[in-house]
1. For Phe377, what residues show an amide H to amide H distance below 5 Å, using hydrogens built from the backbone and excluding near sequence neighbours?
2. Stretch Ala215-Tyr158 to full length: gain in nm at 0.36 nm per residue minus the Cα-Cα span?
3. Once the piece of chain linking Ser47 and Leu176 is laid out straight, how much longer is it, given 0.36 nm per residue of separation minus the C-alpha distance between them?
4. Rank by packing, highest mean first: peptides 367-373, 257-263, with packing defined as the count of other Cβ atoms within 10 Å averaged across residues.
5. How far is the Cα center of the range 1-48 from the Cα center of the range 51-68, in Å?
6. What FRET efficiency would be calculated for the residue pair Asp275, Asn376, taking the C-beta separation as r and a Förster radius of 22 Å, to the nearest 0.05?
7. What residues qualify as long-range amide H neighbours of Thr85, i.e. H under 5 Å apart, gap of 5 or more or another chain, H built at 1.01 Å from N?
8. Which of the peptides 54-65, 268-279 is most tightly packed, and how do the rest follow, going by the mean number of other Cβ atoms within 10 Å of each residue?
Amino acid sequence: MMTKAEDLAVITGTGRSRIGRHLHADPWRLTADAALAAIADAGLEPSDIDGLSTYPGAYWSTPGITGAGVDDVRSMLGLNLRWYTGGGEVPGQLGSIVNAVMAVGCGLATHVLCFRTVWESTAQDSYGSRSATLLSGGGSGTRQVTFGREPQQWTVPYGIGYPCYAGLEMQRYLELAGATREQLAQVAVVARRYAADNDAAIYRDPLTVEDYLSARMISDPACIYDCDVPVDGSVAFVVSAAGAAAAAAKRVRVAAIGSASGFDQAAEMLWARTDLKSADVDVAQLYDGFSVYALRWLEALGFCGRYEGAAFVEGGHRIGPEGQLPLNTSGGQLSAGRLHGYGGLLEACVQLRGDGGRRQLARNPEVAVVSSGAVNFTSCLLLTR
């Protein structure tokens, strides 16, 4: 296979800030904490960073979904950049990592700092939930509808908020797959089992199938445990040229990227760019903004057939610590918090580097897959030790 951008890039550093609910912390401070930790983890100084990449940048749709932009971080850390990018219209939330890999592969930068910052939990204290913001047009206490963005102009007037999309997706999946809510419950139940050993996870108390089935409905059949958790926090990585002199002792190799639009298309692209197969994967960190999306990624990436995801997770054995494919070993977004793909990538690096502590898998994974986004807003990465 010809040399590709992935062959020339490695993840040399990882870092995170505090992650929690309603921290009321300056998002720039959270960003700086994560960025400086990642730079130090790579054995570098801020002066070594010559590239910067983020999703979604300084501005995006709803309050708190972004906490800092490219120029914010450049000026805050005093970086001297040769290349930078930030924006929301990239391949899934991991598109900023994809961009960094391509920049390093093309020789545009040597060490790219990638970061993702959110403060949704704190923002909701002032502005309400994401759905409430869409319904109100962004102002607290108003009922003025904003029609500027598709497809909200067709849904907002009828009171359809963001979780309704999950309800529709789940209902369609249950019917076409002949699946049950008891099966889908395992995505949340097993995630919580992993979260119990993750000190940074938001929810760590045990969760049972019975708890799931009796939980408050958000948009039938999606209950509260099918929805990821808004948080405040920042995660950062350093993507470096493979031949660069960095002191990182535990590099993670980017074996393949999938940046096509759509679950199946992104997965197909990923496997076309590597000799590895789905059977080689030791651990998966799959996007679970809503639990049904984790099933779609399992199917798209070839771990099971279409509409076989619910049967794959039934009982929780295959996706548990000793199972065929441990899934979302930090607790995922359902229990550890909504960090939009960056949380999953951080956990993949933790497992590949053997830094998982109590939740480190006994098999010591050598190959991990990470995905982000849903429907057509998708990306995935294949990583190796």
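1. Residues meeting the amide H criterion: Gly262.
2. This chain segment gains 18.0 nm when fully extended.
3. Once the chain is fully extended between Ser47 and Leu176, it gains 41.0 nm.
4. The packing order, highest mean first, is 367-373, 257-263.
5. First find each Cα centre; the distance between them is then 15 Å.
6. In this case the efficiency is close to 0.20.
7. Distant-sequence amide H within range of Thr85: Leu52, Ser53, Thr54.
8. Taking the mean over residues of other Cβ atoms within 10 Å, the ranking is 54-65, 268-279.
The values are calculated or read from the model by the stated rules, or taken from the named source; none is laboratory data. Source: prediction; values computed, not measured. Cβ sites come from the backbone with ideal geometry, for glycine too, and all protein chains shown count toward neighbours. Note: accessible area is taken over every heavy atom of the protein model, side chains too, but ligands, DNA and RNA are not part of it. Shrake-Rupley method; radii C 1.70, N 1.55, O 1.52, S 1.80 Å.
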